[in-house]
Amino acid sequence: MTKKVSIKKNLEKIVINVGLGRLRQQSNFEEKSLPEIIKELALITGQKPAPRQAKKSIAGFKTRAGDIIGLQVTLRGKRMEDFFTRVISFVLPRVRDFRGLDLKNVDTGGNLNIGFREQFVFPEISADKSKVNFGLQVTAVSVFESRDEAIDFYRSIGVPLKKSNKENT
């Protein structure tokens, strides 16, 4: 008999980030692309994203203080649990050439980081209807003190982590 592990008790929150970097260079970005990205990110997460602004101007990146340079969504509770289950069950299997997440994706604090190059791996988004292409970063913030505890937890809830070199021998 296996014991059921609670996602809510072991994860504090899930943070989804979208960097707008190169997309900002497009003409009519604020009027056309940004609302489309906000709409699709809200569809994926079930929550409206908060815009993140540049704190200071950087000429090399063509940004001014106050420009929107990213979007962020923080999920907690039931939404967090539903989103994480969806990512494990539906989204990761849809990633092209997916062979498991590398153990490097779990940092020393036990947080799991997953990057997606495009939003089309989420079943809510149709590649035919979408007008923009953007990547997103999903970070699951855990309550664990050590990396090994977190890796054991992620494996117990079904996160497809690759085997380490120690486990192969």
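The values are calculated or read from the model by the stated rules, or taken from the named source; none is laboratory data. The structure displayed is predicted, hence computed values, not measured ones. Using ideal geometry, Cβ is built from the backbone for each residue, glycine included, and neighbour counts are taken over all protein chains shown.
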Going through region 57-92 in order, the residues found to be of a type in the set (S, T, Y) and surrounded by fewer than 17 Cβ atoms within 10 Å (Cβ to Cβ) are S57, T85, S89
**Prompt:** Would you call I16 under 30 Å from G109 (Cα atoms), at pLDDT below 85 and touching a strand residue (DSSP E or B) at 6+ places or on another chain (Cβ under 8 Å)?
**Reply:** no
Of the listed residues (L41, L101), the one being modelled with pLDDT of 80 or more and either within 22 Å of V132 (Cβ to Cβ) or among the basic types (K, R) (or both) is L41
Every listed condition ((1) farther than 30 Å from N28 by Cα; (2) touching a strand residue (DSSP E or B) at 6+ places or on another chain (Cβ under 6 Å); (3) of a type in the set (A, V, I, L, M, F, W, C)) holds for V73 save (1)
inquiry  = Looking for something more than 30 Å from K32 (Cα to Cα) and surrounded by 11 or more Cβ atoms within 10 Å (Cβ to Cβ) - is there at least one such residue anywhere in region 127-140?
reply    = yes
The correct count of residues that are closer than 16 Å to I88 by Cβ and surrounded by 15 or more Cβ atoms within 10 Å (Cβ to Cβ) in region 114-123 is 4
Restricting region 141-169 to residues that are of a type in the set (A, V, I, L, M) and either part of a helix (DSSP H, G or I) or touching a strand residue (DSSP E or B) at 6+ places or on another chain (Cβ under 6 Å) (or both), the one surrounded by the most Cβ atoms within 10 Å (Cβ to Cβ) turns out to be A150
Considering residues that are among the hydrophobic types (A, V, I, L, M, F, W, C) and closer than 15 Å to L75 by Cβ, the number found within region 117-144 is 5
